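Notes follow once the structure below has been shown.
A short reminder: the numbers here are calculations on the coordinates, not readings from a lab. The structure displayed is predicted, hence computed values, not measured ones. Note: ideal-geometry Cβ built from the backbone for every residue, glycine included; neighbour counts use all protein chains shown.
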Amino acid sequence: MYNLSIMLIEYIQAALNKAKYEILENNEGFYGEIPGFQGVWANAETLEECRKELAEVLEEWIFFQISDNTPLPKLNGINLKIKKSPQPALA
């Protein structure tokens with residue numbers, strides 16, 4: 001079985017490779033977003049800070065989607081699905 005940690009890292013990297021960045025007007029920093037990932041965006045003073053913040057937002061978004069049992073977009077052949085274990089019945 002493929003290691004889930006490796007798959008998650010590859011998924012995050014594939015998503016970040018799709019990121020689009022732009023320079024904000026009046027030298028107010030940078031804005032970045034990942035198309036197809038609603039609500040995943042960041043802005044920061046430098047491009048590197050924007051990339052770092054975007055990666056953090058993406059990670060939080062992925063964990064929220066998983067906890068909410070919402071499907072994640074398929075990227076580069078990576079279909080990240082987490083199967084929930086059934087909850088044990090209370091005795």
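Of all the residues in the range 1-12, those that are aliphatic (A, V, I, L, M), outside any helix (DSSP H, G or I) and under 22 Å from residue 73 (Cβ atoms) number 0.
Yes/no per residue for (1) free of Cβ contacts under 8 Å to residues at least 60 places away in the same chain; (2) surrounded by 13 or more Cβ atoms within 10 Å (Cβ to Cβ):
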| position | (1), (2) |
| --- | --- |
| 5 | yes, no |
| 10 | no, yes |
| 15 | no, yes |
| 32 | yes, yes |
| 41 | yes, yes |
| 47 | yes, yes |
